[in-house]
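This report refers to the structure that appears directly beneath it.
Laboratory data are not the source of any read-out in this text; all were calculated from the coordinates shown. Values in this document were obtained by computation on a predicted structure and should not be read as measured data. Here the Cβ positions follow ideal geometry from the backbone for every residue, glycine too, while neighbour counts run over all protein chains shown.
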Amino acid sequence: SLDQSSSGGFRDPILGTILLTTIGIAIAVPIGVATAVWLTEYGRPAPLARAVESGVEIVAGTPSIVLAIFGLLIFQQTFMGLFSVFGRSFITAGVMMSLVAIPMVIGATREALMAIPRHVREASYALGKDKATTIRRVLLPSARSGIATGATLGMGRIAGDTAIVVILL
């Protein structure tokens, strides 16, 4: 007879959701913040910046089922075998779910960076700091609440989208 004590219940889906959300947001936040900083503070070359902005908008509007099919096509290939165990992996699903969260992290971070007054940047430059130091020591700490907002929205979207996980796993 089948042992009912080790199957069913709500613990496994909750743990899976937490694990998937953690993996997805751990990938999405660094990529999203770096992309937002590059788009807001550098944005050069301009054609590449426009292409990245368009790509972010396209991914933001793509249904999760399309991302799931994309994940199946890319990550289930033989050369990607190190990411999967017996064809199923939380890492693969987490990478695909990070695509769902990245546009939200980028959008919230860009808005937070653009809300910082220009004179704050100029004051940092006047004190002899270069652009990279200004970004790291002045802008990112000032934009922390916007980054947290984007990460929270991304976590909510990852936790809410289950269709991609059903197909990938």
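Would you please give the FRET efficiency between Leu48 and Leu15, computed as 1/(1 + (r/R0)^6) with r the Cβ-Cβ distance and R0 = 30 Å, to the nearest 0.05?
FRET efficiency, Leu48 to Leu15: 0.15.
Okay, which of the stretch 103-123 sit inside 12 Å, backbone N to the point 7 Å along the Cα-Cβ direction of Ser142?
Backbone N within reach: 112-123.
Quick one: net charge of Ser98's neighbours, Cβ under 13 Å, K/R +1, D/E -1?
Result for the neighbourhood of Ser98: 0.
For Ile116 paired with Ala159, estimate the spin-label separation in nm (one decimal), with each label point 7 Å from Cα along the Cα-to-Cβ line.
2.9 nm
Could you tally the net charge around Lys129, taking each other residue with its Cβ under 10 Å from the Cβ of Lys129, Lys/Arg +1 and Asp/Glu -1?
Here the charged neighbours net out to +3.
Step through the residues of the stretch 136-151 one at a time and calculate ³J(HN,Hα) from phi using the Karplus curve (6.51 cos²θ - 1.76 cosθ + 1.60, θ = phi - 60°), rounding each to whole Hz and writing x for Gly and Pro.
Residue by residue, the stretch 136-151 yields 5, 9, 10, 6, 5, x, 5, 8, 4, 5, x, 5, 5, 4, x, 5 Hz.
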